[in-house]
Amino acid sequence: MSDLFFTTDLLGEFDRLQRQIASAVAGFPASLRATRSETFPPVNVGSTDDSVEIVAFAPGLDPASIDVSIDKGLLTISGERRPPATGSGDETRVYARERFMGAFRRVIELPPHADPDKVSARYVNGCLTVSVGRSEASKPRAIAVQ
């Protein structure tokens, strides 16, 4: 029989430590996949032979309220989602809200082969699609064998 006794709940201590570490690094995502689940707007990033494609899922926004910019290899998507206008007699008290409201800003690092001079953006059905062309030197090409 062991003479070693724990007066505290060991698993509870590990859980507490994990929560403390998670809260300490919560503001520093290591990559796009490491962002918090409540980050708005959620994005998908992919590439084709000709471009890098970024799709931001942002339903309910006015396209004029979305700003897209590129500076030093960083694509920034920012704007504001306003709450819907309510009538003057509406006295509804909100006790739960799952839809994000307020100002937002997402910064996505582009790969080095992205060409900031070849950018287009369109907003259709709640999805903002930003296409950043690749530089000509980075596009795949066939080499003729002689």
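Read-outs: derived from the displayed coordinates by stated rules, not from any lab. If you're wondering where the values come from, they're calculated on a predicted model, not measured in any experiment. Note that each Cβ is placed from the backbone with ideal geometry, even for glycine, and that neighbours are counted across all protein chains shown.
Assorted remarks:
- Loop-located trypsin sites (Lys or Arg not before Pro) in the stretch 60-146 whose Cβ has at most 11 other Cβ within 10 Å (DSSP): K72, R93, R97, R99, R141
- Share of alpha-carbon pairs per 10 Å distance bin for the stretch 106-146, given as whole %: 23, 40, 23, 10, 4, 0
- Inter-centroid distance (Cα atoms) of the stretch 116-138 relative to the stretch 90-105, Å: 31 Å
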